[in-house]
Amino acid sequence: MVFNTGAALLDAIVLSVVSRDEEGTYGYKITQEVRQAIEISESTLYPVLRRLQKDECLEVYDRECAGRNRRYYKLTEKGRAQLNLYEGEWMR
């Protein structure tokens, strides 16, 4: 697999950001951290998060924060395996 600026690279960055917190993290924080690596809008990021959830790489849950629900994303075992694959490709 060769990385390009397409979906695989974006998936790898998102999975890496989400993997940093065992409890999971929320969309806005993911956007801010991904933007440290690549310029991305929220309208681009949220479809990626939904696709990774559909592919069973992320699990989603809601948590109350300041009287509102905040959606959190957490890496699954499948997501961890996919991230390890991306990291192996990156090292090569």
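The values are calculated or read from the model by the stated rules, or taken from the named source; none is laboratory data. Owing to the predicted nature of the structure, the values given are computational and were not obtained by experimental measurement. Note that we place each Cβ from the backbone using ideal geometry, even for glycine, and neighbour counts take in every protein chain shown.
At-a-glance table
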quantity	calculated
Single residue of Thr44, Thr76, Thr31 found to be of a type in the set (Val, Ile, Thr), at pLDDT 90 or above and closer than 19 Å to Gly6 by Cα	Thr31
Residue in segment 1-9 that is within 26 Å of Met91 (Cβ to Cβ), touching a Leu at 6+ places or on another chain (Cβ under 8 Å) and surrounded by 13 or more Cβ atoms within 10 Å (Cβ to Cβ) present	no
Residue count for segment 40-54, restricted to those that are outside any helix (DSSP H, G or I) and β-branched (Val, Ile, Thr)	1
Checklist (1) within 24 Å of Met91 (Cα to Cα); (2) under 11 Å from the mean Cα position of the chain (by Cα); (3) not in a helix (DSSP H, G or I) applied to Leu15, failing item	(3)
Residue check for Leu45: touching a strand residue (DSSP E or B) at 6+ places or on another chain (Cβ under 6 Å) and of a type in the set (A, V, I, L, M, F, W, C)	no
